[in-house]
Amino acid sequence: MITVRPEAGFTRNDLTKFLETNRIEHPQSIQRQSAPAPAFENINCRIVGDLGNTDLIMNNTFFIGVYPGIGQPQLDKITDTFARFMNGER
């Protein structure tokens, strides 16, 4: 999981679009449940606080696809792509 900080100077969408362009998968399966969340509708629970960290994760976090067959060439491509993005290539 990777979380892009709000002060990073780019957004999660900027980074994931660059990854897509370079054919690097990034599943985004973090979703907000509507209240009451269907998975928890029969469970006695409470919400504490404004859930700011939950919103940060939901809006700024993504995954890099992993697979046991990824070899060094693929890992090198991933790290090179991230380096290019961080060095300003968009």
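The values are calculated or read from the model by the stated rules, or taken from the named source; none is laboratory data. Every value quoted in this text rests on a predicted model; they were computed, and no experiment measured them. When we count neighbours, we look across all protein chains shown, and the Cβ atoms used for this are built from the backbone with ideal geometry, even at glycine.
Per the conditions (1) closer than 14 Å to HIS26 by Cα; (2) outside any helix (DSSP H, G or I), the sole criterion not satisfied by ILE78 is (2).
Summed over the range 60-75, residues that are under 25 Å from ALA8 (Cβ atoms) and not in a helix (DSSP H, G or I) total 6. Here ALA37, ALA83 are screened, and the one residue that is at pLDDT 95 or above and among the aliphatic types (A, V, I, L, M) is ALA83.
Okay, residues lined up against (1) touching a Phe, Trp or Tyr at 6+ places or on another chain (Cβ under 8 Å); (2) surrounded by 10 or more Cβ atoms within 10 Å (Cβ to Cβ); (3) modelled with pLDDT under 95; (4) not in a loop (DSSP other than H, G, I, E, B):
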site: GLU25; (1), (2), (3), (4): no, yes, yes, no
site: GLN31; (1), (2), (3), (4): no, no, yes, no
site: ASN44; (1), (2), (3), (4): no, no, yes, no
site: ASP50; (1), (2), (3), (4): no, no, yes, no
site: MET58; (1), (2), (3), (4): no, yes, yes, yes
